[in-house]
């Protein structure tokens with residue numbers, strides 16, 4: 001049990017047998033013998049091992065310690081890489097959606113302009129003596145006036161947005 005715990009904790013800490021031996025001022029073969037169960041460190045050395053591995057003596061002498069993966073940094077790095085790829089894909093899909101929405105907005109603005117041009121403001125020929133027709137005509141005229149004034153600015157902005165969000169080859 002002690003031999004397995006020393007080995008597992010040493011590997012968890014990312015130390016080689018040589019590095020642990022240097023910390024304990026012993027030769028590497030001594031650490032190897034401890035880990036193979038061929039010899040047992042004395043009580044003073046057990047305290048030194050505990051300090052070197054930053055582990056309580058009770059843990060060294062207690063139940064078996066499960067060896068964690070030596071390459072924890074590699075595992076974390078791999079997970080971060082996957083997360084970065086997912087974030088990049090999400091960013092690309094949002095950019096595509098925005099690009100598509102800008103194209104749709106340009107088409108809608110152009111279509112409304114075409115309809116307004118084709119209709120040639122028919123409400124101008126209405127009889128405004130009737131109050132309902134007058135209110136409706138003023139509402140149409142206000143909407144057309146507002147659209148004609150704001151749509152070119154919005155159209156230019158969406159065209160610029162389309163160029164900024166296009167896929168670069």
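Which entry is the computed Cα extents along the principal axes in Å for this structure: (i) 58, 34, 31; (ii) 46, 44, 24; (iii) 111, 39, 20? Correct label, based on the coordinates given: (iii).
If packing is taken as the average count of other Cβ atoms within 10 Å, what order do 17-29, 152-164 fall into, highest mean first?
On the way: 17-29: 15.5, 152-164: 13.4.
So the order, starting with the most tightly packed, is 17-29, 152-164.
What ranking, highest mean first, results for peptides 80-87, 137-144, 102-109 when packing means the other Cβ atoms within 10 Å averaged over each residue?
Values: 80-87: 10.0, 137-144: 13.4, 102-109: 15.5.
Ranking, from highest mean packing down: 102-109, 137-144, 80-87.
For residue 119 and residue 89, the difference between the fully extended length at 0.36 nm per residue and the C-alpha to C-alpha distance is 6.3 nm.
Using just the helices of the chain, give the 222 nm mean residue ellipticity in deg cm²/dmol: DSSP H runs with n ≥ 4 each add -39,500 (n - 2.57), and the total is spread over all residues, rounded to 500. Intermediate values should be presented prior to the final figure.
On the way: 7 runs with 126 residues, N = 169.
The helix contribution divided over the chain gives -25000 deg cm²/dmol.
On full extension of the chain, what length is gained from residue 154 through residue 44, given 0.36 nm per residue of separation minus the C-alpha to C-alpha distance?
Values: separation 110, 0.36 × 110 = 39.60 nm, distance 7.99 nm.
Full extension of this stretch gives 31.6 nm more.
Among 118, 52, 78, the largest mean-square fluctuation in a Gaussian network model of the chain, built with springs joining Cα atoms closer than 10 Å, belongs to 118.
The angle between the Cα long axis of helix 43-52 and the longest principal axis of the Cα atoms of the chain comes to about 20 degrees, rounded to the nearest 10.
The stretch between residue 28 and residue 76 holds 14.3 nm of extra length on full extension. This uses 0.36 nm per residue minus the Cα-Cα distance.
Using C-alpha pairs under 8 Å with a sequence gap of at least 6, the mean separation divided by the residue count of the chain gives a relative contact order of 22 percent. When the inverse distances between all different Cα atoms of segment 2-61 are averaged and flipped, the Kirkwood radius reads 11.0 angstrom.
Just the number, please: Stokes-Einstein D of segment 72-165 in µm²/s, Kirkwood Rh from C-alpha pairs, 25 °C, 0.890 mPa s. In µm²/s, the coefficient is 143.
All of the numbers you see were taken from the coordinates with simple rules; none came from a lab. Please read these numbers as outputs of a predicted model, since none were measured by experiment. So basically every Cβ, Gly included, is an ideal-geometry build from the backbone, and we count neighbours across all protein chains shown.
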